[in-house]
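The values are calculated or read from the model by the stated rules, or taken from the named source; none is laboratory data. From a predicted model like this one, the values you see are computed outputs, not experimental measurements. Every residue, glycine as well, gets a Cβ built from its backbone with ideal geometry; the counts of neighbours run over all protein chains shown.
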Amino acid sequence: MIYAQLFLSFMKIGFTSFGGMSMIPLILEEMTSHGWMTPEDLSNLVAIAEMTPGPLGINCATFTGTQTAGFAGSVVAVLGVLMPAFTLTMVIAIFFEKFKDSSVMRRIMFVVKPICIAMILSVIVTLSSTTYFVEGAVQSFSIGIAALMLYLLIKRKWSVPMVITSSAMLGVIFYGVLPMVRG
Amino acid sequence: MDRIKKGLSIFAFFFKIGCFTFGGGWAILAQMEQEFVDKRQIITKSELLEMVAVGKSAPGIMITNISLLFGYHVAGVFGGLCAVFGIITPAVIILSIVTLFYNSFKDNYWVHAGLTGLRAAVVPIIGSAALSLGKDALRTPPAIAICLVAFCLSLLAGVSNIVLVLAGVVGALAWWAGTRIKKERVQEA
């Protein structure tokens, strides 16, 4: 059952991640193991999700759900990714005063956050190999765009939507116009 | 009746901020602060900060966790659900439409070229997110060691992410229990 699979996958993603970019490694793993998405699709998705309003996790669940099983699929995936909120956070809300300053939670975060960063770093390696080295060929234009964007993001404090828009325009020039001019 | 009315107005507000919020959770928080702390004075700033701290440390999406805590605080379970569905509905609608266009346009020559350029920017974007997360989470040598070990396990040994996170949670619980027992012993002695 595709719906049950989607729900379970996104529930797993929800429970083992802490929002934002920390979801990407888990989504990549789940999507490629089920054959629902390629790393290329995922990169496109990250860019699209960053360009549209709303939390990244919800955007990813909607996109994947729609791609694999239409609108019903997106509803199921979104409900799956929301399961931690509906269960754990609901319990926390009820006992809020006790959880406010919990030493257990602090310990868990101390250990899990570095693990999340490690997961993100390993996704960077995976995505780099599919984005910048396609079928053994070095994509020098893509590497150039990446270096420029990294500089603009970190040193020039450009916003993510600005970076995405300008790299898409560079893509149109380098991968659209240039091959045409060269014939 | 009062709860239902409150719930619906929570839904409406969260729907509105869900429509116009780019840049993730922190931008949404700024709007919540303006609306609920400054304008309507439903909660105090320190209450909101407590919700943020708890919502951030619970698993799942930070902003839906915070929305749920806030909605529950104002109007119980129904309020919590209204807040969560309010904030996600615009995202679901917009992304459904975008996905339809993605499928029909991604093979177009020009769109394909644009997407190729755009994909080149994804690694730097994720990288800069990792960098700012790292500044916060990798302040101590043990944290850096955990990160390095997890990185090697993930990339070289192919250990799955879920296993890594669960191992981390179990390890943290053992560590917490260990220091508690130690403390009790010190107190007894």
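Look at (1) within 8 Å of chain A (Cβ to nearest Cβ); (2) farther than 19 Å from A:Ser22 by Cβ and you find that B:Glu188 fails only one, number (1). A single member of A:Val91, A:Val76 is among the β-branched types (Val, Ile, Thr), under 23 Å from B:Val77 (Cβ atoms) and buried (at least 21 other Cβ atoms within 10 Å of the Cβ), and it is A:Val76.
Select from segment B:61-114 the residues that are within 7 Å of another protein chain (Cβ to nearest Cβ) and not in a helix (DSSP H, G or I) and list them in ascending order. The one that is within 7 Å of another protein chain (Cβ to nearest Cβ) and not in a helix (DSSP H, G or I): B:Ile61. Per the listing A:Ser128, A:Ser102, the residue uniquely out of contact with any Phe, Trp or Tyr (no Cβ under 9 Å at 6 or more places or on another chain) and more than 7 Å from chain B (Cβ to nearest Cβ) is A:Ser102. Any idea which residue in segment B:42-83 is surrounded by the most Cβ atoms within 10 Å (Cβ to Cβ), counting only those that are touching a residue at least 40 places away in the same chain (Cβ under 8 Å) and β-branched (Val, Ile, Thr)? Of everything passing the filter in segment B:42-83, B:Ile66 is surrounded by the most Cβ atoms within 10 Å (Cβ to Cβ). The single condition from (1) crowded, with 24+ Cβ neighbours inside 10 Å; (2) outside the structural domain of A:Met11 (by TED's automatic domain parsing) that A:Val81 fails is (2).
Note down all Cβ pairs under 6 Å where the first residue falls in segment B:149-160 and is without any contact (Cβ under 8 Å) to a residue 12 or more places away in the chain, the second is in a loop (DSSP other than H, G, I, E, B) and surrounded by 14 or more Cβ atoms within 10 Å (Cβ to Cβ), and they're at least six residues apart or on different chains. Qualifying pairs under 6 Å: B:Leu153/B:Val159. Within segment B:161-176, the set of residues being without any contact (Cβ under 8 Å) to a residue 12 or more places away in the chain, of a type in the set (Gly, Ala, Ser) and facing another protein chain (nearest Cβ under 9 Å) comprises B:Ala167, B:Gly171, B:Ala172. When A:Ser43, A:Ser33, A:Ser17, A:Ser22 are checked against the criterion of being within 10 Å of another protein chain (Cβ to nearest Cβ) and part of a loop (DSSP other than H, G, I, E, B), a single residue qualifies: A:Ser17.
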